[in-house]
Amino acid sequence: MEIATTMVILDALPNPVLLLDSQKTIVAANSAAKEFLGAEIEGRSLAIALRHPEILDAVNAVIADEQKRQISISLLASVWRSFDIQIASLTATNESTAVAILTMHDTTATRNADQMRADFVANVSHELRSPLSSLIGFIETLRGAARDDVDARDRFLRIMDNESKRMARLIDDLLSLSKVEASEHILPDETVDIFELLAEVRDTLSGRAAERHIDVNLPTLNGKYPVLGNRDELMEVFLNLIDNAVKYCPENTSISVDIERISRIPDRGGPGIMVSVADQGDGISAEHLPRLTERFYRVDKGRSRTMGGTGLGLAIVKHIVNRHRGRLAIDSIVGEGTIFRVYLPSEENTEATLPS
């Protein structure tokens, strides 16, 4: 097969592919390889394009006498990426001096997913172990030394009640997260009035806010603010965000909830409605912001657990917003407060896309 025809075929492949001669010079590279390694890599030594000893050793072995060699490596581009690399021997022809073909299969997403699953199991185990250990310890004490101690029994039962409720909340949130993830690819098709929903959320949390002398301010608006969505899921989003603000804001402060029509949702496209929830809390350091929506990630673990948090609330929010083809943005200034912005497609928006 002529080299030109070969390259047409290789350019159609999504994975980077290199053809190498006996001196490890890159004879040809497909479009994916040029995009990843640079547009001018043809004619250069492989040692310049891919400075990795395992790759060079595997290529040397194939050029010498092996038919095939496969390795798994990680390479640092803008971020660390994982690859399964396969090198196979070729027979040089009059049309090409290539004696080996190197194919790079990007396994970053798969490996990250595997790591996330492993971390998830470890985190769930850790989150459940602590309350279970407490319950077991208190039960043993109540059966023994504290059997007839009324004060100790009441104190232990109160703690056991709190720990069991904490486990119940964790299981509820895990089930909620699993349900949202399972249907994330399905776009909801109900019409929900966001202003009406936010008013209901404010009324639901009014008692808790009043206990801490916190005002939840919702603007006075005329007309409707319809979005395509699942009402129960959107209720969960804003209950989570506003309840978090109530929990973590200092007493005698206020929370501002605003609604705005926008012509285009950032990174998604099409018109939408933006809801912002701004508090006057302590703020969150910049290094924490990218990880806030990770499962079980907490800025202050002790405080979160004391407040009854499971570490899953913002992960649930993120997946619900994704399912609605929306966008979640978080801005914060330490000492001034935090703003959560939820962008949702308007009822007429057919442009919004599922996040990649």
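Where a number appears in this text, it was derived from the coordinates with a stated rule and is not lab data. Because the structure is predicted, anything quoted here is derived from the model rather than measured. Positions of Cβ are generated from backbone atoms using ideal geometry, with glycine treated the same way; all protein chains shown enter the neighbour counts.
Quick notes on this one:
- Cα gyration tensor, the range 4-44 - rounded (a/c under 1.5), prolate or oblate: oblate
- Listed candidates (1) 1.19; (2) 1.12; (3) 1.37 - label of the one calculated as Cα Rg over 2.2 N^0.38 Å: (3)
- A helix-only calculation puts the chain at -14000 deg cm²/dmol for mean residue ellipticity at 222 nm, using -39500 (n - 2.57) for each DSSP H run of at least four residues, averaged over all residues.
- Degrees between helix 108-143 axis and first principal axis of the chain (Cα, 0 to 90, nearest 10): 30
- Contact order for the chain, expressed relative to its length and based on alpha carbon pairs under 8 Å spaced 6+ residues apart, stands at 12 percent.
- Pairwise FRET efficiency - Asp151 versus Arg129, Cβ, R0 = 25 Å, nearest 0.05: 0.35
- Highest-fluctuation residue, Gly335, Gly223, Gly313 considered, GNM on the chain with Cα pairs under 10 Å: Gly223
- Backbone amide hydrogens, once placed in the peptide plane, bring Ile262 within less than 5 Å of Gly272, Ile273, Met274, excluding anything fewer than 5 places away on its chain.
- Phi angles of the range 36-51 translate, via the Karplus equation with coefficients 6.51, -1.76, 1.60 and θ = phi - 60°, into HN-Hα couplings of 7, 9, x, 5, 9, 7, 5, x, 9, 6, 4, 5, 7, 6, 10, 7 Hz per residue; Gly and Pro are given as x.
- If you run the Gaussian network model on the chain, springs between alpha carbon atoms under 10 Å, then out of Leu314, Leu56, Leu234 the most flexible one is Leu56.
- What you get for the range 1-111, charging only the Cβ of Lys and Arg (+1) and of Asp and Glu (-1), is a dipole of about 320 debye around the Cα centre.
- Angle between the chain longest axis and helix 194-211 axis [Cα atoms, degrees, rounded to 10]: 50
- Efficiency of FRET between Glu294 and Leu90 - r from beta-carbon atoms, R0 51 angstrom, step 0.05: 0.70
- The string of couplings for the range 100-105 from the Karplus curve (6.51, -1.76, 1.60, θ = phi - 60°) is 8, 10, 10, 10, 10, 9 Hz, one whole number per residue in order, with x for Gly and Pro.
- In straight-distance terms, cross-link reach from Lys34 covers every one of the lysines whose alpha-carbon lies under 20 Å from its own, apart from those fewer than eight places away in the same chain; here that gives Lys24.
- Taking the alpha carbon gyration tensor of the range 105-167, multiplying each eigenvalue by 5 and rooting it gives semi-axes of 41, 10, 4 Å, largest first.
- Cα gyration tensor, the range 27-101 - rounded (a/c under 1.5), prolate or oblate: oblate
- A simple spin-label model places pseudo-atoms 7 Å from Cα toward Cβ; at Asp232 and Leu175 they are separated by 1.1 nm.
- Distance violations [Cα-Cα > 22 Å] among Lys165/Lys247; Lys179/Lys318; Lys224/Lys318: Lys224/Lys318
- Counting Lys and Arg as +1 and Asp and Glu as -1 over every other residue whose Cβ lies under 12 Å from the Cβ of Arg202, the net charge comes to -4.
- Here the Gaussian network model covers the chain, with springs between Cα atoms less than 10 Å apart; of Ser183, Ser285, Ser96, Ser96 fluctuates the most.
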